[in-house]
Amino acid sequence: MRSRFSAFAVGDVAYLLASWHPDTRPADVELDPEQRWVQLEVLDRSGGGPFDSEGTVRFRAHYRLPGEKGTLTENSRFKKEGGVWFYVDGEHE
């Protein structure tokens with residue numbers, strides 16, 4: 001989760017796509033060049049341990065746009081395949 005937030009923060013689209021599960025991965029990701037992701041709060045999690053194959057993370061991400069501050073709260077699902085964690089999908093609050 002934290003690595004994907006960092007990828008959003010620095011605009012690393014290649015990493016976002018590579019860390020997205022193949023079953024739900026979009027063909028492309030377009031990031032708003034005006035949006036700056038500035039803080040991540042992990043609010044809750046379940047699973048995701050070394051012996052788990054699935055996990056969820058509820059987080060709040062803080063962003064800035066010119067003249068505006070905002071947050072995005074999401075409950076994200078992850079799957080581990082071949083020892084690698086992939087983002088599956090998420091529900092925004």
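The values are calculated or read from the model by the stated rules, or taken from the named source; none is laboratory data. For clarity, every value in this text was computed on a predicted model and none was experimentally measured. So basically every Cβ, Gly included, is an ideal-geometry build from the backbone, and we count neighbours across all protein chains shown.
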Phe51, sole failed condition from (1) surrounded by fewer than 16 Cβ atoms within 10 Å (Cβ to Cβ); (2) assigned to a strand (DSSP E or B): (2)
Flag for Arg64 being under 15 Å from the mean Cα position of the chain (by Cα) and in contact (Cβ under 8 Å) with a residue 12 or more places away in the chain: no
Considering residues of region 59-93 that are under 19 Å from Tyr15 (Cα atoms) and among the aliphatic types (A, V, I, L, M) only, the residue surrounded by the most Cβ atoms within 10 Å (Cβ to Cβ): Ala61
For residues that are in contact (Cβ under 8 Å) with a residue 24 or more places away in the chain and in a helix (DSSP H, G or I), scanning just region 1-15, find the one that is farthest from Phe78 (Cα to Cα). Ala9
Condition (residue is in a strand (DSSP E or B), loosely packed, with under 12 Cβ neighbours inside 10 Å and either within 15 Å of the chain's Cα centre (by Cα) or free of Cβ contacts under 8 Å to residues at least 12 places away in the same chain (or both)) applied to region 23-39: is it met by at least one residue? yes
Hey, Asp28 of a type in the set (D, E, K, R) and either out of contact with any Leu (no Cβ under 8 Å at 6 or more places or on another chain) or closer than 18 Å to His92 by Cα (or both) or not: no
Could you list, in sequence order, the residues of region 30-53 that are among the β-branched types (Val, Ile, Thr) and over 24 Å from Gly83 (Cβ atoms)? Val38
Thr56 under 12 Å from Tyr87 (Cα atoms), in contact with an Asp or Glu (Cβ under 7 Å, 6 or more places away or on another chain) and either modelled with pLDDT of 95 or more or loosely packed, with under 15 Cβ neighbours inside 10 Å (or both): no
Answer with yes or no whether Ser46 is in a strand (DSSP E or B) and more than 21 Å from Ala9 (Cα to Cα). yes
Condition check for Phe86: of a type outside the set (A, V, I, L, M), in contact with a Lys or Arg (Cβ under 6 Å, 6 or more places away or on another chain) and in a strand (DSSP E or B): yes
